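For reference, the structure discussed in these notes is given below.
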Amino acid sequence: QRLDAQTDNCLELHRRLAEREAKSAAMMENHTALRRFYAHNSGLIEEYARALSAKERRLEEADEKLLAAIDDRDAKTEVIASLQYNEEQYREEIEDLRAELGAQAE
């Protein structure tokens, strides 16, 4: 009877040990899966950060081009305004000269 009790106790200990080993194996699988998950997410985050940096660089380049185009447009607008002013001045001078010539011809 004592041997049966010891055998039952030993069997119970083996059953508990097997449960613990199964739990330990499951925990190791979960740990490995989590490490893979974190490594994958870390890679995705790095990839996203690189893509975001590239987009930021492209936006900065586009901003610079836009500012240069605005500056160029403003410079051209100034030149056009200056030419229009000069043209107006020349027309006035031509009209004045015609008037003088007309007065001298009379």
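Side notes on the structure shown:
- Residues that are open to solvent by 80 Å² or more (accessible area, probe 1.4 Å) and among the aliphatic types (A, V, I, L, M), drawn from region 45-68: ILE45, LEU59, LEU66, LEU67
- Filter pass, GLU106 being open to solvent by 100 Å² or more (accessible area, probe 1.4 Å) and modelled with pLDDT under 95: yes
The values are calculated or read from the model by the stated rules, or taken from the named source; none is laboratory data. Bear in mind that the values here come from a model prediction, so they are computed numbers and not experimental data. Accessible surface areas use protein heavy atoms only, side chains included; no ligands, DNA or RNA. Shrake-Rupley method; radii C 1.70, N 1.55, O 1.52, S 1.80 Å.
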